[in-house]
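Written below as structure tokens is the structure these notes are about.
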Amino acid sequence: METGIYLETKAVSSGNFVFDQFQKATGFRHAYLVYRKADGSTEVIRGGLGRHVTVETGKSMEDSADGYDAGEEPGSRPSQKLDIPPEQWEQSWKTMKGRAEEMRDLEIPYANDVLEGDVDKTSNTIVRGALDSIKYPAEKALPKGEKMDDVPGFEDDHKELVEEIKVIKADREADREAARNSRSPLEGEIGGTPAETPTKPTPDSGDEQSGVTPDATNTPGAKAFMAEVMKDDDPIDSILQKRPETWTSDEAKQVMYTRSGLPDGDPRVAEIMKLEDAHYKQAYGDGPMAVDDTGKPVDVEPAPAIPSKPVAARDADGTPMKESVARAAKKMVQLAAKDAEKDGPGVVVDKGAHAPVVKQLQGGLNMMSKFAKTPVAGGAESRLKLDGVMGPKTRHSMRDTLSKDGFGRFDEALSLGQFRDFAERSRAGGSGINLGKEIEGSFANLFRAPKLGGPKIESSVLQETLNRFGSERPNYTPLKVDGDIGPKTSDTFDLFNKSLGPDKLTGGLGKMFGFFG
């Protein structure tokens, strides 16, 4: 092919069953940029799939994740040479590469087509951002026959997204800086946080996804339940939810005292010691102890200075923890209200009506602890009792999940718990149960707003999960993985639900979704 800068596209193939099923159903394309140089070498700018959108720059086409497969060669994929004068190629590429690396540093959370009007954040976001950096029209860059709608993340203007993420990162850095530089006396209780006014409300898709009116959260019962979720228990928990480098000396001491008081064999000991280690390494480093000429240890000033003023805890997404917990409480209220509407419109949801949703969350958090590569705090000892009570242990486990993995992991745990609860009811002979509606009701909100329609990825994942279990049995006839829940899929589900049980069946489903790492 001629020298120059090209945009090429290909079908998405990630090795992830859920993602590849989504691509197969939608026909979505993955775009990347390749610079074909006069000396015959190539260089690629691309994004990739991950918890955050990954970014790759500087690699040749041969070494890139988008390298050609057997039987492919330059020109075999849809390709469009960018209309840039040759004398501007080097500078244009340098500018685009710089923008891609800047977007990598923003750690953009991966999200594709969840809600109508949302900005998609995918691998194609990186390519669009690179083109925007040189003011090259996105629609002009696409190969002939390709449409903007077929390249998710490419059609959106990402300026507001980038600015929003910059604000979040600036808030994080401001927390660090305030903590490092403050020399004022400690305010409030140890482990407390200064009052803060959110700069921007956290986007909440709960109303859109739940199908119930916002008034559901304004009833006395809902308010009482939300207050129960928001309740603070042990002050040590709010410290452990913070980044260790932001701890004050008093907070570090309180953590140490708490850890030293735990019984031998408590799984929390090792986890807390890791956090303590991170705190002191940040302040003092991990080199040899400083001594004087006589070999006597000498005091060393921490660098950076250990903060003296506590800062606000944030979840893994950078959202203030109080906002994240409130968002989680609101979602549970809405699910309880939606369930109550089955008894007719206008049903008042009292505080006790939230118990089934709490039980579902408990079941989902237990699954995350049992199957995830990085379990929730406490390991096997943290298994929650499925009693529907929002007590201290459930609150701790929920907040620990938000702190370490963000709201997305909470959402996954709640969805797993919903489906596990359905499987339990179905196994017990519950009447009026519709497998198709239950699988969609449990998981569809993770992929799209149900009322918008679209490919039922969750149904295809269920069928593939059942086939994986069936492959271990002789004479099993695999289900057709088409996302259509018919009698054969329902019968197969009933068979494995009875023989394996709700926990193992739902755990297998979670593994297929990729929830456990």
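Residues in segment 288-329 that are modelled with pLDDT of 75 or more, farther than 19 Å from residue 230 by Cβ and among the charged types (D, E, K, R) were compared, and the one that is surrounded by the most Cβ atoms within 10 Å (Cβ to Cβ) is 309.
Mind checking which residues of segment 245-257 are in contact (Cβ under 8 Å) with a residue 24 or more places away in the chain and surrounded by fewer than 20 Cβ atoms within 10 Å (Cβ to Cβ)? Passing the criteria: 245, 249, 250, 252, 254. Taking the numbered list (1) within 22 Å of residue 406 (Cα to Cα); (2) in contact with a Pro (Cβ under 9 Å, 6 or more places away or on another chain) in turn, residue 277 passes all entries but (1).
Select from segment 391-423 the residues that are of a type in the set (D, E, K, R) and over 22 Å from residue 334 (Cβ atoms) and list them in ascending order. Result: 393, 400, 404. If the condition is being outside any strand (DSSP E or B) and in contact with a strand residue (DSSP E or B) (Cβ under 7 Å, 6 or more places away or on another chain), then segment 52-86 contributes 53, 58, 59, 60, 61, 64, 65, 66, 77, 78, 82, 84. Here the condition is being surrounded by fewer than 17 Cβ atoms within 10 Å (Cβ to Cβ) and at pLDDT 80 or above; of 242, 200, 223, it holds for 223 alone. When 376, 349 are checked against the criterion of being within 21 Å of the chain's Cα centre (by Cα), among the β-branched types (Val, Ile, Thr), at pLDDT below 85 and buried (at least 23 other Cβ atoms within 10 Å of the Cβ), a single residue qualifies: 376. Please work out if residue 355 is within 21 Å of the chain's Cα centre (by Cα), more than 16 Å from residue 416 (Cα to Cα), modelled with pLDDT of 85 or more and not charged (D, E, K, R). When the stated conditions are applied, residue 355 does not pass them. Residues in segment 63-107 that are of a type in the set (Gly, Ala, Ser) and more than 33 Å from the chain's Cα centre (by Cα) were compared, and the one that is surrounded by the fewest Cβ atoms within 10 Å (Cβ to Cβ) is 70.
The values are calculated or read from the model by the stated rules, or taken from the named source; none is laboratory data. What you see is a predicted model; the values in this text were computed from it and never measured. Here Cβ is always computed from backbone atoms with ideal geometry, including for glycine, and neighbour counts include all displayed protein chains.
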